[in-house]
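The values are calculated or read from the model by the stated rules, or taken from the named source; none is laboratory data. Please read all numbers here as calculations on a predicted model, not as lab measurements. Glycine also receives a Cβ, built like all others from the backbone with ideal geometry; neighbour counts cover every protein chain displayed. Side chains are part of the model used for accessible areas, which takes the heavy atoms of the whole protein and leaves out ligands, DNA and RNA. Shrake-Rupley method; radii C 1.70, N 1.55, O 1.52, S 1.80 Å.
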Amino acid sequence: MSPIQPKTPPGVMELLPRDQVAFQRVLDTIRRGYERFGFLPVETPVFELVDVLLTKSGGETEKQVYFVQSTGALQQGKKPELALRFDLTVPLARYVAEHEHELAFPFRRYQMQRVYRGERNQKGRFREFYQCDIDVIGKDSLPLAFDAEIPAVIHHVFTELDVGAFTIRINNRKILQGLLEGMGLGDENARMLALREIDKLPKIGRDQVLANLSAPEIGMADETASRLLDLATPGGDQDHLLGRLRDLARDGGTPLLAEGVEELASVVEGMRALGVPDRNFAIDLTITRGLDYYTGTVYETFLNDYPGIGSVCSGGRYENLASHYTKSRLPGVGISIGVTRLFYQLREAGLIKPATSRTVLVTQMDEQLRTDYYRLAAELRAAGIDTEIHLEPAKIARQLKYADRAGIRFVLLMGSDEAARGTVTVKDLAEGGQQEMPRADLAAHLRARLG
RNA sequence: GCGAACGUAGCUCAGUGGUAGAGCGCUCGGUUGUGGUCCGAGUGGUCGUGGGUUCGAUCCCCAUCGUUCGCCCCA
């Protein structure tokens, strides 16, 4: 009887402790950033009632939903009542609608939890992954200033994450919608399809997009499509692009176009005032976001040095978050960081390395001194230093090997020699050196070395 | 849901129609209180599973399962 093959289900990211610590630090950094801007924590259950979760049925997302069913109900052939959430926005809508009268608006919440999608395996795709969301929900209305604040938070967080240069690409859906409208694309569905094609521009290239736009389902004239792509191609001076858009809006543009351009200009102005430098954002009309519920501002963030990772953070403005659950009008704006993908790819790229533990290891060099080791550890813990004792007596080489594997950097050695002198030897496994010092100085020394 | 590639040691992979190899890892050792590095020894696989062709299959054929990559969509 051979044991069952131990293995993780496909599409999950399971980490060894040292990587888990590194991941935890990424989460901590994001959390601190969100809190710095006054967002409040919310957690919701991993599953929701099916009726609540699948409100806008028929979408792509529904095909990827995991249903939750008890065995008893399953045996009775009942339909599942519960399903795992596939994002944090739908649960947020339910949450806000449910607790509407107990919340302070505009409601600023952050939420960092796992979501589930039954995806086909692919690079950088997970079936279970973390999303770190922030959203601001207004009651009846929500000023555009919030659209400017979101990228400011993202700028703060990604700067703190220290993952190299990044660009927050920003757009307003009304602009392309307005342009398409002005170009005679009246059909709502055709406009949706056109937006989706334009979104693919960086990926499949101009020629392919042109071809797709002139295909029968969309039916744009080549020349019109070409003019559109000229505008949409990213790069160049932001203010210049805004100027061109303004001209277009004034010279016979539709009201929707004018509205989009003014909104975008206002958001850009706000972002700059909030301290987002020009090098960290770019107006990019190809950013449209597939999700239909975005109505105005949309964002996608990319790491300049790792374009292959794709968007690591995206979101936008939606006019009415919870229309399925309440009659109240609740507009919002928000963004989501896909940390699982981000972490996984950064680790692959070598930008994130297994973390070194902050724990100090007290070795047992001499079993006679056991109680001294225990007391030493207690002293250090009282002084605020994470301390572990190698409780299992073993040869010192083995104890050091253990520390090395566990990613512990500092090891304390105290044999009969040190004990007699009232000193402790601090060995640095990373640097290789060691230093003997009075026991009284130990805590301060370690604190300094650990940063 | 559609399309493609790949399944050989714990990992990364070589290999041949005649019942298998490397590197890394892992364990132990290189005596007194020093990990990683270095040196030495050891440990390793019904060649994914089932069937077919063959005197004989890890290799050829079919199926199946699994993994990975792309499309759709998305963090």
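Observations
- Working note: Karplus 6.51/-1.76/1.60 with θ = phi - 60° gives the range A:23-40 the couplings 5, 4, 5, 4, 4, 4, 4, 5, 4, 4, x, 4, 5, 4, 9, x, 7, 9 Hz, where Gly and Pro are set to x.
- Computed helical MRE - 222 nm, chain A, DSSP H runs ≥ 4 contributing -39500 (n - 2.57), nearest 500: -12500 deg cm²/dmol
- The mean accessible area for residues of chain A, using a 1.4 Å probe and ignoring ligands and nucleic acids, is 50 Å² per residue.
- Unit charges on C-beta of K, R, D, E only; dipole of chain A, Debye: 1220
- Cα-based helix-to-principal-axis angle, A:89-98 vs chain A, degrees rounded to 10: 90
- Fraction of accessible area attributable to carbon and sulfur, the range A:357-450 (%, probe 1.4 Å): 46
- Shape category assigned to the range A:264-362 from the gyration tensor of Cα positions, a/c cut at 1.5: prolate
- Modelled FRET efficiency - R0 35 Å, residue A:165 with residue A:371, Cβ distances, 0.05 increments: 0.05
- Value of relative contact order over the range A:1-160, rounded to a whole percent, pairs C-alpha under 8 Å and six or more apart: 28
- Expressed as a fraction of 2.2 N^0.38 Å, the C-alpha radius of gyration for the range A:357-450 is 0.95.
- Shape call, the range A:166-248: gyration tensor on alpha carbons, a/c limit 1.5: prolate
- Bridge type composition, chain A - antiparallel percent by DSSP, nearest 5: 80
- Which of A:296, A:393, A:70, positive extreme of dipole for chain A (C-beta unit charges): A:393
- Measuring nothing but how far apart in sequence close Cα pairs (under 8 Å, 6+ apart) lie, relative to its length, chain A scores a relative contact order of 16 percent.
- Estimated distance in nm for a label pair at residue A:420 and residue A:43, the labels positioned 7 Å out from Cα along Cα-to-Cβ: 5.4
- Here is the tail figure for chain A: Cα pairs spaced more than 44 Å apart come to 29 percent of all pairs.
- When the listed pairs A:353/A:401; A:353/A:427; A:7/A:123; A:200/A:327; A:63/A:174 are checked against a 26 Å cut-off, the alpha-carbon distance exceeds it for A:200/A:327; A:63/A:174.
- Share, in percent, of DSSP beta bridges within the range A:357-450 that are antiparallel, nearest 5: 55
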